[in-house]
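For reference, the structure is listed below as structure tokens.
Read-outs throughout are calculated quantities, based only on the coordinates presented, and are distinct from any laboratory measurement. These numbers come from a predicted model, not from an experiment. Using ideal geometry, Cβ is built from the backbone for each residue, glycine included, and neighbour counts are taken over all protein chains shown.
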Amino acid sequence: MSDNKALAQKILQLKKKKNAAIVAHNYQIPEIQDLADFVGDSLELSKTSMTLEADLIVFCGVRFMAETAKILSPDKKVLLPVREAGCPLADTITTAELLSLKKQYPDAWVVSYVNTPASIKALTDVCCTSSNAIAVVKNVPSKEIIFVPDKNLGWWVQKNVPEKRVIIWQGSCFVHEQFNVKELAEAKKKHPDAEVLVHPECKREVIEAADQALSTAGMLKYVKQALGKEFIIGTEEGILHKLKKENPGKEFYSLGMAKTCINMKKTTLNALYDSLRLDQFEITLERDIIEKAKVSLERMVQYL
């Protein structure tokens with residue numbers, strides 16, 4: 001038996017003993033995805049966590065995701081296997097900067113992408129995901145929107161909701177910023193029959209050149225229903241594992257060189273095992289932050 005298989009068995013035994021559930025983001029390494037009870041995007045996993053009977057949730061992702069699970073399930077213990085697994089995009093805006101924006105635009109509603117820390121969610125009117133950002137902005141009762149923190153998703157929202165003014169914070173995801181139109185053109189030339197699906201965190205020119213701009217959950221759903229057999233994927237390379245697993249009769253290519261989120265890849269089988277064995281590293285949030293942030297997340301669910 002390989003070391004990985006032996007370790008996986010130990011993890012499953014510990015999980016059963018501790019009445020734990022393992023949830024993993026679509027960008028996690030294949031070994032983690034294959035071992036998890038649920039694999040999905042951050043919102044899917046947080047919503048799933050609310051319904052679990054498990055006493056312990058081990059969130060294989062990055063910090064803001066584990067925080068979201070804790071906000072929605074405050075009475076459960078939530079562990080993040082790697083304490084340093086953060087999100088540079090989520091950290092591009094501080095509470096002081098958001099408070100300054102709110103003061104500058106007092107009539108605006110704050111719409112925060114779910115890729116934000118709990119402290120930002122607590123200052124937010126309603127959160128959104130990449131799949132429902134347009135619907136959220138379209139439906140909130142304000143003509144003026146402060147949108148944080150992703151400028152590319154903000155641009156995509158403004159393009160699709162021209163009747164509202166969207167004040168866009170200039171944060172971005174370092175992974176999705178790497179995709180470019182030159183790579184897209186080359187990939188299309190190499191695979192002329194393939195549809196190009198990109199994440200709306202990509203640059204404006206990449207989104208405009210693609211066939212579809214979709215969240216990770218949106219990509220998975222779209223591909224299952226699509227008549228085409230070939231797809232060029234413009235998002236973090238981890239999703240290719242699940243796409244191939246769920247669609248064995250279809251072909252998937254990365255848009256250019258595969259782009260990797262180093263924070264997502266920090267969660268290894270050893271880190272997961274140690275987290276379960278030692279109950280490390282637990283997500284703790286102040287009750288006041290949980291209560292305020294939960295309002296913005298619950299409002300978000302109305303638009304799904």
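Normalised by the number of residues in the range 155-297, the average gap of Cα pairs under 8 Å and 6 or more apart makes the relative contact order 20 percent. Relative contact order of the chain: 23 percent, from C-alpha pairs under 8 Å at least 6 residues apart in sequence. Taking the inverse of the mean reciprocal distance over all distinct Cα pairs, the Kirkwood hydrodynamic radius of the range 83-209 comes to 15.4 Å. Here is the list for the range 88-175: trypsin sites (Lys or Arg not before Pro) lying in DSSP coil, each with at most 13 other C-beta atoms within 10 angstrom of its C-beta, are K143.
Per-residue ellipticity at 222 nm from helix content only, as computed over the chain with -39500 (n - 2.57) for each DSSP H run of at least four residues, stands at -12500 deg cm²/dmol.
Decide, for the range 1-147, between rounded, prolate and oblate: order the square roots of the alpha carbon gyration tensor eigenvalues as a ≥ b ≥ c, take rounded if a/c falls under 1.5, and otherwise choose prolate if a/b is larger than b/c, else oblate. Prolate, since a/c reaches 1.5 and a/b exceeds b/c. When the GluC sites (Glu not before Pro) in the range 48-101 are filtered for DSSP coil states and for at most 14 other beta-carbon atoms within 10 Å of their beta-carbon, the remaining sites are E53, E84. Whole-Hz Karplus values for the range 52-64 come out as 6, 8, 5, 7, 10, 10, 9, 9, 8, x, 10, 4, 4 Hz, taken residue by residue from phi with 6.51 cos²θ - 1.76 cosθ + 1.60 and θ = phi - 60°; glycine and proline positions read x. Extension gain, Q170 to D279: 0.36 nm times the residue separation minus the Cα-Cα distance gives 35.6 nm. Which shape class applies to the chain: rounded if a/c is under 1.5, otherwise prolate when a/b exceeds b/c and oblate if not, where a ≥ b ≥ c are the square roots of the Cα gyration tensor eigenvalues? Judged from the Cα gyration tensor, the chain comes out oblate (a/c at least 1.5, b/c at or above a/b). Past 18 Å, Cα to Cα: identify those pairs from K18/K77; K221/K242; K182/K250, in the order given. Where the Cα-Cα span goes over 18 Å, the pairs concerned are K182/K250.
Considering the range 13-52, its Cα convex hull presents a mean projected area of 2.8 nm². Approximating the spin labels as points 7 Å out from Cα along Cα→Cβ, the Q104-to-M257 distance works out to 3.6 nm. Springs between Cα atoms under 10 Å define the GNM used for the chain, and in it the highest mean-square fluctuation of E144, E201, E286 occurs at E286. Cross-link partners of K151 among aspartates and glutamates, defined as those whose alpha carbon lies under 16 angstrom from its own and excluding same-chain residues fewer than eight positions apart: D91, E97, E177, E201, E205, E208.
Fully extending the segment from Q13 to K143 would add 41.5 nm, taking 0.36 nm per residue of separation and subtracting the current Cα-Cα distance.
Computed over the alpha-carbon pairs of the range 131-172, the distance histogram in 10 Å steps reads 34, 60, 5 percent, short to long.
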